[in-house]
Amino acid sequence: MGYYLFYLFFAFIICLTYGFSFYLYLLLELAVKQKKEVPDWFYRIGQSMQDRFHRVKLENSTNFAALKQSRFFLRGMLLLSFFTYLFFHSQSHAISSALLNCGKAQFVICLVMKELTQYWDLSFSTKEKRKYYSPSFAVSGCFIISSVLLLLFAVSMEQLRFHISFP
């Protein structure tokens, strides 16, 4: 019984982190549509989501380019997740196994989309310097943290399934 309560609580935490990530995206979307700035804590989250090795200058501005980077990340993540699910479903023909494998692959999908978003800027031209925005880093960073939690959950569920199958 203790295992099930732990897994329910862990699943609830994962739902909260994904909900917070979508909240950040919707907050950015509404701020750009209403031509307002996002709160300062939003910028601080984005500034803290940089990695150690590729430090870049992040702009604290809420504009359409930041929204476009976040949209590219989110749509690419959803599209790659859908194709990953289709691939695993065609391999096993079991929905539970496909969802488990898709949950484990979610972290890699988020990292790939983070790199694609960061280095393949859609508005990049040779005359302009590439710009990075802290709101888009905040959205993508929170999704990466959520996908790490989902990966841990999927791996622990697989271990629990293994222990139940082979006592």
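For SER48, state whether it is free of Cβ contacts under 8 Å to residues at least 60 places away in the same chain and among the hydroxyl-bearing types (Ser, Thr, Tyr). Walk me through how you get there before you give the answer.
Numbers: free of Cβ contacts under 8 Å to residues at least 60 places away in the same chain: no; among the hydroxyl-bearing types (Ser, Thr, Tyr): yes.
Against the criterion (free of Cβ contacts under 8 Å to residues at least 60 places away in the same chain and among the hydroxyl-bearing types (Ser, Thr, Tyr)), SER48 does not qualify.
Considering only segment 37-58, how many residues are farther than 16 Å from LEU26 by Cβ, of a type in the set (A, V, I, L, M) and assigned to a loop (DSSP other than H, G, I, E, B)?
From segment 37-58, those farther than 16 Å from LEU26 by Cβ are 40, 43-44, 47-58; that's our starting set.
Now drop any that are not of a type in the set (A, V, I, L, M), which leaves 49, 56, 58.
Those left that are additionally assigned to a loop (DSSP other than H, G, I, E, B): 49, 56.
Residues meeting the conditions: 2.
Can LEU16 be described as under 22 Å from CYS110 (Cβ atoms), exposed (fewer than 12 other Cβ atoms within 10 Å of the Cβ) and modelled with pLDDT of 95 or more?
Details: under 22 Å from CYS110 (Cβ atoms): yes; exposed (fewer than 12 other Cβ atoms within 10 Å of the Cβ): no; modelled with pLDDT of 95 or more: yes.
Against the criterion (under 22 Å from CYS110 (Cβ atoms), exposed (fewer than 12 other Cβ atoms within 10 Å of the Cβ) and modelled with pLDDT of 95 or more), LEU16 does not qualify.
Of these, PHE88, PHE143, which one is more than 22 Å from PHE9 (Cα to Cα) and at pLDDT 90 or above? Full working, then the answer.
Details: PHE143 fails: more than 22 Å from PHE9 (Cα to Cα).
Criteria check complete, one pass: PHE88.
Select from segment 59-87 the residues that are over 19 Å from the mean Cα position of the chain (by Cα) and crowded, with 19+ Cβ neighbours inside 10 Å and list them in ascending order. If you could, list the steps in order and put the result at the bottom.
Going through segment 59-87, the residues over 19 Å from the mean Cα position of the chain (by Cα) turn out to be 59-64, 86-87.
Residue satisfying the conditions is THR62 alone.
Here are some residues: SER90, SER81, SER61. Which one is among the polar types (S, T, N, Q), assigned to a loop (DSSP other than H, G, I, E, B) and either out of contact with any helix residue (DSSP H, G or I) (no Cβ under 7 Å at 6 or more places or on another chain) or over 21 Å from LYS131 (Cβ atoms) (or both)?
Working: SER90 fails: assigned to a loop (DSSP other than H, G, I, E, B); SER81 fails: assigned to a loop (DSSP other than H, G, I, E, B).
The conditions single out SER61.
Residues to consider are LYS129, LYS104, LYS68; find the one that is modelled with pLDDT of 90 or more, of a type in the set (Lys, Arg) and more than 30 Å from LEU8 (Cβ to Cβ). Let's see the steps before the verdict.
Values: LYS129 fails: modelled with pLDDT of 90 or more; LYS104 fails: more than 30 Å from LEU8 (Cβ to Cβ).
After applying the criteria, what remains is LYS68.
I'd like to know if segment 9-27 contains one or more residues that are in contact (Cβ under 8 Å) with a residue 40 or more places away in the chain and over 30 Å from MET157 (Cα atoms).
Taking segment 9-27 and keeping what is in contact (Cβ under 8 Å) with a residue 40 or more places away in the chain, we get 10-11, 13-14, 17-18, 20-21, 24-25.
This time we only want the ones that are over 30 Å from MET157 (Cα atoms), so: none.
No, the conditions are met nowhere in segment 9-27.
Before we move on, is LYS114 in contact (Cβ under 8 Å) with a residue 40 or more places away in the chain, surrounded by 14 or more Cβ atoms within 10 Å (Cβ to Cβ), of a type in the set (D, E, K, R) and within 15 Å of SER140 (Cβ to Cβ)?
Judged against the criteria, LYS114 is a match.
The values are calculated or read from the model by the stated rules, or taken from the named source; none is laboratory data. These numbers were taken from a predicted model, which means no experiment stands behind them. Cβ: placed from backbone, ideal geometry, glycine included. Neighbour counts: every protein chain shown.
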